[in-house]
Amino acid sequence: MPDNRGLVLVVEDERHIADLQRRYLSREGFGVHVESDGSAALAAARRMRPVAIVLDIALPGMDGVEVCRRLREEGDWTPVLFVTARDEVTDRIVGLELGADDYLTKPFSPHELVARLKSVLRRAAGPPQDPVRRMGRLTLDTGRRTLRVDDGPVELTTTEFNLLAFLVRNPGQVFSRDQLLAQVWGQAGYRDTRVIDVYVSQLRSKLGDASPIRTVRGVGYSASDAGR
């Protein structure tokens, strides 16, 4: 599983457009999950917590505006980039009023899609944050990609570091295995989500009593000073 920028949910019912978006976003290091109707997109957004959603307005069944409306009503402010047809001005305005972050009008260049999405993600991230994170006995430097427990260095693989860093950046939040696969690996629908358990076990083995990772039975994992 490669290190990447996280999972983008693409919601598009025209297959050739969805394939084009998937190809260009994948080249930029994003994992991509595609849905072709609004109801499935809403369920996927709730389940996977993507880093962003590229959302077509004209969808079968529930349209993109309604998908965005429901997410915002639930307090989900995942960045949304609307994709619209030229005659969907009203829907586009409504979508922006609901909290969509940007929009593209068909036809558009896939290069522009990537540039707009990166811009949306930069704005959502806000100003640069201190790369050094502390939790309990751990000091995690995401800039240098180093970890210290008390005063001693601990060597982690790329995947182990990414998983630990994500949990530490979101203290106390509980993530399912599907959500961790989406957020850390940029993958959705991975055949065996228990791969997460393997990496958690490896981290606990390396960190010992200093491990901040807590198992929430029947749900997934979180990180806190309380540990297991």
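The values are calculated or read from the model by the stated rules, or taken from the named source; none is laboratory data. Note that this is a predicted model, so its numbers are computed, not measured. Reconstructed Cβ throughout: ideal geometry from the backbone, glycine too, with neighbour counts over all protein chains shown. Side chains included, ligands, DNA and RNA excluded: accessible areas come from the protein's heavy atoms. Shrake-Rupley method; radii C 1.70, N 1.55, O 1.52, S 1.80 Å.
Quick notes
- Report note on the peptides 49-62, 155-168, 203-216: ranked by the mean count of other C-beta atoms within 10 Å, highest first, their order is 49-62, 155-168, 203-216.
- Extending 7 Å from the Cα toward the beta-carbon at both Asp150 and Arg23 defines two label points whose distance is 5.5 nm.
- Karplus-based coupling profile of the stretch 208-225, in residue order and whole Hz: x, 5, 7, 4, x, 7, 10, 8, 10, 4, x, 10, x, 9, 8, 10, 7, 4, with θ = phi - 60° in 6.51 cos²θ - 1.76 cosθ + 1.60 and x standing for Gly or Pro.
- The stretch 35-68 and the stretch 139-171 have Cα centres separated by 33 Å.
- Between Leu96 and Val219, residue separation times 0.36 nm minus the direct Cα-Cα distance comes to 40.9 nm.
- Accessible-area order (highest first, 1.4 angstrom probe) of the listed residues Tyr103, Tyr221: Tyr103, Tyr221
- Mean accessible surface per residue for the stretch 6-147, computed with a 1.4 Å probe while every protein chain stays in place, in Å²: 49
- A cut-off of 5 Å between modelled amide H atoms, ignoring neighbours fewer than 5 places along the same chain, links Val54 with Leu9, Val10, Val11, Leu81.
- Using θ = phi - 60° in the Karplus curve 6.51 cos²θ - 1.76 cosθ + 1.60, the 3J(HN,Hα) couplings for the stretch 132-145 round to 8, 10, 10, 8, x, 8, 9, 10, 10, 10, 6, x, 8, 6 Hz; x is entered for Gly and Pro.
- Computed over protein heavy atoms with a 1.4 angstrom probe, the accessible surface ordering of Asp101, Asp141, Asp151, largest first, is Asp151, Asp101, Asp141.
- Rounded to 10°, Cα long-axis angle of helix 15-27 versus longest principal axis of the chain: 40
- Surface composition of the chain: carbon and sulfur atoms hold 46% of the protein heavy-atom accessible area at a 1.4 Å probe.
- When you filter the trypsin sites (Lys or Arg not before Pro) in the stretch 54-158 for DSSP loop state and at most 10 other Cβ atoms inside 10 Å of their Cβ, you are left with Arg86, Arg144.
- Charged neighbours of Arg70, selected by a Cβ distance under 13 Å, balance to -2 (K, R count +1; D, E count -1).
- Contour minus Cα-Cα distance for Arg5 and Gln202 (0.36 nm per residue): 68.6 nm
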